[in-house]
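Just below is one structure, and these are the notes that go with it.
The values are calculated or read from the model by the stated rules, or taken from the named source; none is laboratory data. As the structure is a prediction and not an experimental result, all values here were calculated from the model. Using ideal geometry, Cβ is built from the backbone for each residue, glycine included, and neighbour counts are taken over all protein chains shown.
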């Protein structure tokens, strides 16, 4: 995979995840989770030009809450999506 993916990127992600705001968001959100939880993190295969809302909807979910924004830190590594989505079969009931 190369030097960037094997050595530099993991260290950058580790630094970004030590952010107090990230820890606060995870601590506040994870206890609210019910059923199956999908937590998507930025990593070597992330493509920021993809529309996350569309990807979630195309996977068969209805988004009921969504907040986006930057956390403190380097902008390329701190844009976040936080929200709630339900499988379409459950949401239609």
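Structure notes:
- Those residues of the stretch 65-82 which are surrounded by 12 or more Cβ atoms within 10 Å (Cβ to Cβ) and at pLDDT 85 or above, in sequence order: 66, 70
- Pairs where the first residue, in the stretch 2-15, is on the phi < 0 side of the Ramachandran plot and in contact (Cβ under 8 Å) with a residue 24 or more places away in the chain and the second is surrounded by 12 or more Cβ atoms within 10 Å (Cβ to Cβ) and outside any helix (DSSP H, G or I), C-beta under 7 Å, 6+ apart: 5/44; 9/44; 13/42
- Restricting the first member to the stretch 40-62 and to residues that are at positive phi and assigned to a loop (DSSP other than H, G, I, E, B), and the second to residues that are surrounded by fewer than 11 Cβ atoms within 10 Å (Cβ to Cβ) and modelled with pLDDT under 85, the beta-carbon pairs closer than 9 Å and six or more apart or on different chains are 60/89.
- Within the stretch 1-29, the set of residues being outside any helix (DSSP H, G or I) and surrounded by 14 or more Cβ atoms within 10 Å (Cβ to Cβ) comprises 19 only.
- Here the stretch 70-87 is the region considered, the condition is being under 11 Å from the mean Cα position of the chain (by Cα) and either free of Cβ contacts under 8 Å to residues at least 24 places away in the same chain or in a strand (DSSP E or B) (or both), and the residue that is farthest from residue 22 (Cα to Cα) is 83.
- For the stretch 30-64, filtered to residues that are at pLDDT 75 or above and under 22 Å from residue 74 (Cβ atoms), the residue that is surrounded by the most Cβ atoms within 10 Å (Cβ to Cβ) is 52.
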